[in-house]
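Only one structure is covered here, and it is reproduced in the block below.
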Amino acid sequence: MAWKLTRDGATVHVLPGNAGIPNSHPEISATDFPAIQSFCEANGVKLIVVGPEAPLAAGVTDYFTGSDIRVFGPSRAGATLESSKVWSKDFMRRHGVATAMSWQYRSDKLDEARAKATELDGQVVVKYDGLAAGKGVYVCSSIDEAQAALDDLQQQHTGWFSFLLEEKLTGPEISIIGVTDGNRVRLLAPSQDHKQLLAGDQGPNTGGMGAYCPVPFCDDNVLAAIRTSIVDPTLSGLQNEQFDFNGFLYFGIMLTPQGPKLLEYNVRLGDPEAEVLLPALESSLLELIEATLNGTLQQTVVRQRRGCYVGVVLASGGYPAAQFPTGFPITGLDQLHPSILAFHGATKRNAEGELVTSGGRVMVLVGHGEELEDAVAHVYREAEKVTFQDVYIRTDIGQRPEPTLASNW
Ligand code: AMP
Ligand code: GLY
């Protein structure tokens, strides 16, 4: 976002940022609102664009309401669409948004959930209610797996909590992300994440190992079905419940044989979807954000660049386990072809001033091509040049076989 907004003509500071983002301020946390306020006042900042969900769920928008600093991102109440799976499922149901069937339980009703999971032959998805950094969802394929998921849920969370059992859906997943003022939405290109660690969608779930856009099979017919069954009812719901919602709205969708179904909302851009969507966006993001805040989104057109964008994540070996070593020097960035974008995620400078790894998803390299295959070949060729100890790259980003979709939705 900092890269795009800078190209759009804004002067951008990033709190906290990292070693690859100009004007980063690692000493300021994104949830320390008084520190953010002091920073904005000292630097004449008039607009805050929120990246991750935590500051939104903690109420950054509410904190600045009434001040002359504007925030692009929903209020704490709006952020509940992402921060509570139970609440967002109820919202979907109240407003007729197409989604999986589900059953809600409290932690004192685990036995009822176990019985339901057995009745459904273990073909269920167990979802912890709160924010869990991608670790609160268990997709099960047998009764044993479902019971193990419920055991794990019980062990992970002490005290009182809520969770959902959902019917397990099948079909390709896509990410549809828009900019909304709560009344209208302007959609960016359809994109696809690759959440599992290993090629062929195997292994544990991660924050996302790579993404591409646009998605060839997500044509006008598919998009029309998504609008009718998911996007439009969501907007009606936001209006009916009088949410003052502005910001990014992310629809995580599965294209099932029965039509598109919503898996989840996020109230932010996806990562690594953002790294391909923003280079693909020809329009000014700054103008889109200002139009949203000024109530002129209706008159604003979103233009996309031609061709395809593919982003591959360079991850630390051991990710997504709870612990893995970091602090390894990163080399080869200066060898990259000038057309490759390198977006840092978890980098810092060590005491010697070297660029080193500082987390799981270290950076995303993004390549462009006329066709998806060209972009894939280009980015993987270039990715070989960037190295650090135990670097891991999933090898099949943008290479899933094209699915056959039902035509009778
Ligand atoms: P969520 O955080 O709700 O998007 O869930 C994380 C991942 O779990 C999704 O990207 C899907 O791959 C999978 N998932 C979630 N809900 C379902 C469902 N009802 N059926 C099948 N897979 C699901
Ligand atoms: N890429 C999925 C997410 O950001 O939640």
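The modelled label-to-label distance between Gln258 and Lys135, using points 7 Å beyond Cα along the C-beta direction, is 3.3 nm. Solvent-accessible area assigned to carbon and sulfur over the range 126-241 amounts to 48 percent, based on a 1.4 Å probe.
Note on Ser142/Arg305: beta-carbon distance plugged into 1/(1 + (r/R0)^6) with R0 of 51 Å gives a FRET efficiency of 0.70. Can you check what the net charge comes to around Thr206, using other residues whose Cβ is under 12 Å from the Cβ of Thr206 (Lys, Arg +1; Asp, Glu -1)? Result for the local shell: +1. Computed from phi, the 3J(HN,Hα) profile of the range 33-46 under the Karplus parametrisation 6.51, -1.76, 1.60 (θ = phi - 60°) reads 5, x, 5, 5, 4, 4, 4, 4, 5, 5, 10, x, 7, 10 Hz, with x in place of Gly and Pro. Between Arg106 and Glu167, the FRET efficiency estimated from the beta carbon spacing at R0 = 25 angstrom works out to 0.80. Whose amide H sits under 5 Å from the amide H of Val71, counting only residues 5 or more places off or on another chain, with H placed in the peptide plane? Sorted by chain and number, the residues that satisfy this are Ile48.
Each helix, a run of at least 4 DSSP H residues, gives -39500 (n - 2.57); summed and divided by the residues of the chain, these come to -8000 deg cm²/dmol at 222 nm.
Multiplying the residue separation of Ala42 and Ile69 by 0.36 nm and subtracting their alpha-carbon distance yields 8.5 nm. Note on the range 266-373: with neighbouring protein chains present and a 1.4 Å probe, carbon and sulfur make up 46 percent of its accessible heavy-atom surface. Nearest 0.05, what FRET efficiency do Ala115 and Asp32 give at R0 = 35 Å with Cβ-Cβ as r? Using R0 = 35 Å, I get an efficiency of 0.20.
Ligands, DNA and RNA are left out, and with a 1.4 angstrom probe the accessible area of the chain is 45 Å² per residue.
How big is the dipole moment of the chain about its Cα centre under a simple scheme where the beta carbon of each Lys and Arg is +1, that of each Asp and Glu is -1, and everything else is neutral? Debye, nearest 20, please.
Working: 32 positive and 49 negative charges, 98 e Å.
Dipole about the Cα centre, nearest 20: 480 debye.
Peptides 54-62, 205-213 ordered by packing proxy, namely the average of other Cβ atoms within 10 Å per residue, highest first: 205-213, 54-62. Enter the Cα centre distance for the pair the range 228-280 and the range 144-176, rounded to the nearest angstrom. Their Cα centres are 21 Å away from one another.
Using equal-weight Cα scatterers in the Debye expression, the normalised intensity of the range 271-340 in log10 at q = 0.23 Å⁻¹ is -1.08. Computed extension gain for Lys385 through Glu282, at 0.36 nm per residue and net of the alpha carbon distance, reaches 34.2 nm. When the Cα positions of Thr404, Gln123, Thr80 are compared along the charge dipole of the chain, Thr80 comes out farthest toward the positive end, with charges on each C-beta of Lys, Arg, Asp and Glu.
Across the range 210-224, rounded Karplus estimates of 3J(HN,Hα) from the backbone phi angles (6.51 cos²θ - 1.76 cosθ + 1.60, θ = phi - 60°) give x, 8, 8, 7, x, 9, x, 7, 8, 8, 4, 5, 5, 5, 5 Hz, Gly and Pro being marked x.
Out of all DSSP beta bridges in the chain, what portion is antiparallel? Express it as a percent rounded to 5. Could the numbers behind the result be given before it?
Numbers: 60 of 65 bridges.
DSSP beta bridges in the chain are roughly 90 percent antiparallel.
One quarter of the convex hull surface built on the alpha carbon atoms of the range 209-328 amounts to 10.7 nm², the projected area averaged over directions. Ligands, DNA and RNA left out, the 1.4 Å accessible surface of the range 1-116 is 52% carbon and sulfur atoms. Surface calculation, 1.4 Å probe, protein heavy atoms: Val49 sits at approximately 40 Å² accessible. Quick check: from the Cα gyration tensor, does the chain come out rounded (a/c under 1.5), prolate or oblate? Since a/c stays below 1.5, the shape of the chain is classed as rounded. Measuring gaps between exposed loop sites in the chain (GluC sites (Glu not before Pro); DSSP loop; at most 11 other Cβ atoms within 10 Å), the longest gap, sites not included, is 28-281. In loop segments of the range 92-164 as defined by DSSP, the trypsin sites (Lys or Arg not before Pro) with at most 16 further C-beta atoms inside 10 Å of their C-beta are Lys135.
Proximity of backbone amide H atoms, modeled 1.01 Å from N, is registered between Ser24 and Val14 at under 5 Å, excluding neighbours fewer than 5 places apart on the same chain.
Under the Kirkwood approximation applied to all pairs of distinct alpha-carbon atoms, what is the hydrodynamic radius of the range 138-216 in Å? Numbers along the way, then the final one.
Numbers: mean 1/r = 0.0635 Å⁻¹.
Computed over Cα pairs of the range 138-216, the Kirkwood hydrodynamic radius comes out at 15.8 Å.
Selection among Gly203, Pro325, His95 by position relative to the dipole of the chain gives His95 as farthest towards the positive end (Cβ unit charges, Cα centre).
The values are calculated or read from the model by the stated rules, or taken from the named source; none is laboratory data. In this text the structure is predicted, and so the values were computed from the model without any measurement. When we count neighbours, we look across all protein chains shown, and the Cβ atoms used for this are built from the backbone with ideal geometry, even at glycine. The protein model used for the area step is the full one, side chains on, heavy atoms only, and it has no ligands, DNA or RNA in it. Shrake-Rupley method; radii C 1.70, N 1.55, O 1.52, S 1.80 Å.
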